[in-house]
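To start, the structure itself, in structure tokens.
The values are calculated or read from the model by the stated rules, or taken from the named source; none is laboratory data. These numbers were taken from a predicted model, which means no experiment stands behind them. With ideal geometry, Cβ positions are generated from the backbone for all residues, glycine too; neighbour counts draw on all protein chains shown.
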Amino acid sequence: EHLQSYAITVPPQSDIEYTIPSLFFYKPNLWWPNGMGKQSLYNVEISVDVKGFGESDSWSHYFGFRKIESTIDDSTGGRIFKVNGEPIFIRGGNWILSDGLLRLTKKRYMTDIKFHADMNFNMLRCWGGGLAERPDFYHFCDVYGLMVWQEFWITGDVDGRGDPISNLNGPLDHDLFLLCARDTVKLLRNHASLALWVGGNEQVPPVDINKALKNDLKLHPMFVSYQTSKNEERYLS
Amino acid sequence: MAVAVGKRVLDTGWLAARSTEVALTGVQLTTTHPPAADPAPPAPWMSAAVPGTVLGTLLKNNLIPDPFYGLNNQAIVDIADAGRDYYTFWFFTTFQCAPSANQHVTLNFRGINYSAEVYLNGHEEVLPKGMFRRHTIDITDILHPDGNNQLAVLVHPPDHPGKIPPQGGQGGDHEIGKDVATQYVEGWDWMCPIRDRNTGIWDEVLISISGPVNIIDPHLVSTFHDDFKRSYLHCTLQLENKSSWIADCTLKIQVSTELEGNVCLV
């Protein structure tokens, strides 16, 4: 029942954005972080056939059905995470990168990330002075149930709070920073393990960058729910 | 015979050479004077690590000691002392690809640090700066008719590699923060400085062959209702028609449950 096809016409020399009518699933196997349940992944395959040519392109991704929310707890100021409605105690590890010469093989990622899962972690925090981690990193975090806190490329030491004080306004080219951030979000956004985008480490990005990131990354209204006075959950849409 | 639609990773057969030791231009390297790989690349060319960094390639050829052992990192000249040209490197490879009519081919870099010029069969393309961005080049019209293609990439280090103060410190002199690149490379309290600041083709290189229409960056989102009993999978994507005629397409999406052993249920 999960095989749908749609007829679409694409004008010459152009590109269109298309939203596939949503697919309904009854009680899908949910993706859970390490220690909370199974990391169920579905193989989503998309292909496009062109009349008179045949299959023109295809794309696939292992996708996990899950809902990850996080809010700041007023009493402690700490961030509370929930996965599929269940609060989770975060056992997090710091992550800079796997190798200083960027020898980032799949095998290396699998070993490193399984090691953290075996140590009973359920989150890895990718530090802002390291990398926007790679799809292979996220794939194994999907597989082993390690949620990922991914920082953009701002650190307190280098951007305004270090010794000497420097780069108070972050990198020279803010448009380039935002272009890289948007492209990175498109590269990584389908991974079940991606739990949180964070502006930087120990530092808020420059106002214009922070505002743009918040705007680009705000949740679509369809996914923003609120509690009614009778403590019922309601979706905005 | 048409090549199959699909993606192919270019991660073997790469050569590299320091730019200051190569007198040829990118056009000459990819037309009249390509470096030979067999039986062994002639100096200053060497076998390269792609994806990887300049230091990774130098280490692969035993031209530097492994920086992770002992004080070896001290023996490797820092970019601040040697200058950016010292770590500006050519990377060269060849690949087979002869698409048929109506097929389109793109060359995709998932990460280059920090900027580069790409030459393919004598054609130049300048890639913009930035370590964390993908680059896609439509190479359909510049592929060689006989299918033998020659690719050279001149990779430049970050614009502001900085200088490591004698006392070290978090992020060295912080100059690297002027670029959109990883900052740990100037050294931190837990890390020695990386001498080439991770310059290189540091992530996957891919040849993608498609028909007239290709799929760009699908976005998958799941929503839940009735206490996670009901769920919807939403997908938005871009479709690009590179041909000069209207494309009547059939878009298919298939979701199969996870692989149990080798059983795949649809």
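Going by the structure shown, is A:ASN94 surrounded by fewer than 23 Cβ atoms within 10 Å (Cβ to Cβ), in a loop (DSSP other than H, G, I, E, B), in contact (Cβ under 8 Å) with a residue 24 or more places away in the chain and not β-branched (Val, Ile, Thr)? No, not satisfied. Could you list all residues from the range B:201-227 that are surrounded by 24 or more Cβ atoms within 10 Å (Cβ to Cβ) and among the acidic types (Asp, Glu)? Scanning the range B:201-227 gives a single hit, B:ASP203.
With respect to A:SER98, is the statement that it is among the polar types (S, T, N, Q), more than 24 Å from A:LEU217 (Cα to Cα) and more than 8 Å from chain B (Cβ to nearest Cβ) true? So A:SER98 passes the test.
To keep it simple, each residue is scored yes or no on (1) buried (at least 20 other Cβ atoms within 10 Å of the Cβ); (2) facing chain A (nearest Cβ under 7 Å); (3) at negative phi.
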{"site": "B:TRP190", "(1), (2), (3)": "no, no, yes"}
{"site": "B:PRO193", "(1), (2), (3)": "yes, no, yes"}
{"site": "B:THR199", "(1), (2), (3)": "yes, no, yes"}
{"site": "B:LYS229", "(1), (2), (3)": "no, yes, yes"}
{"site": "B:THR250", "(1), (2), (3)": "no, yes, yes"}
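Quick one: in the range A:97-127, of everything that is polar (S, T, N, Q) and in a loop (DSSP other than H, G, I, E, B), which residue is nearest to B:ASP196 (Cα to Cα)? The residue in question is A:SER98. If only residues of the range A:34-52 that are surrounded by fewer than 18 Cβ atoms within 10 Å (Cβ to Cβ) and farther than 30 Å from A:LEU146 by Cα are counted, the one that is farthest from the other protein chains (Cβ to nearest Cβ) is A:GLY52. Among the residues examined, B:LEU220 does not qualify as at the interface with chain A (Cβ under 7 Å from one of its Cβ atoms), closer than 15 Å to A:VAL10 by Cα and in a strand (DSSP E or B). Can you find even one residue in the range B:180-195 that is in contact with a Ser or Thr (Cβ under 8 Å, 6 or more places away or on another chain) and among the acidic types (Asp, Glu)? No, every residue in the range B:180-195 fails to be in contact with a Ser or Thr (Cβ under 8 Å, 6 or more places away or on another chain) and among the acidic types (Asp, Glu). Of all the residues in the range A:19-33, those that are touching a residue at least 12 places away in the same chain (Cβ under 8 Å) and either at the interface with chain B (Cβ under 7 Å from one of its Cβ atoms) or over 18 Å from B:THR250 (Cβ atoms) (or both) number 9.
Contact annotation: residue pairs with Cβ atoms under 7 Å, 6 or more positions apart or on different chains, pairing a residue in the range A:156-184 that is closer than 22 Å to B:PRO165 by Cβ and in contact (Cβ under 8 Å) with a residue 40 or more places away in the chain with a partner that is hydrophobic (A, V, I, L, M, F, W, C) and exposed (fewer than 15 other Cβ atoms within 10 Å of the Cβ), are A:GLY160/A:LEU168.
Somewhere in the range A:178-192, is a residue more than 10 Å from chain B (Cβ to nearest Cβ), part of a loop (DSSP other than H, G, I, E, B), small (Gly, Ala, Ser) and buried (at least 21 other Cβ atoms within 10 Å of the Cβ)?
First pass over the range A:178-192, keeping only residues more than 10 Å from chain B (Cβ to nearest Cβ): A:188.
Still in the running and part of a loop (DSSP other than H, G, I, E, B): none.
No: the range A:178-192 contains no residue that is more than 10 Å from chain B (Cβ to nearest Cβ), part of a loop (DSSP other than H, G, I, E, B), small (Gly, Ala, Ser) and buried (at least 21 other Cβ atoms within 10 Å of the Cβ).
Residue count for the range A:1-33 satisfying the condition of being of a type in the set (Phe, Trp, Tyr) and surrounded by 15 or more Cβ atoms within 10 Å (Cβ to Cβ): 4.
Looking at A:LEU131, A:LEU124, just one residue is within 17 Å of the chain's Cα centre (by Cα), crowded, with 19+ Cβ neighbours inside 10 Å, at pLDDT 95 or above and facing chain B (nearest Cβ under 7 Å), and that residue is A:LEU131.
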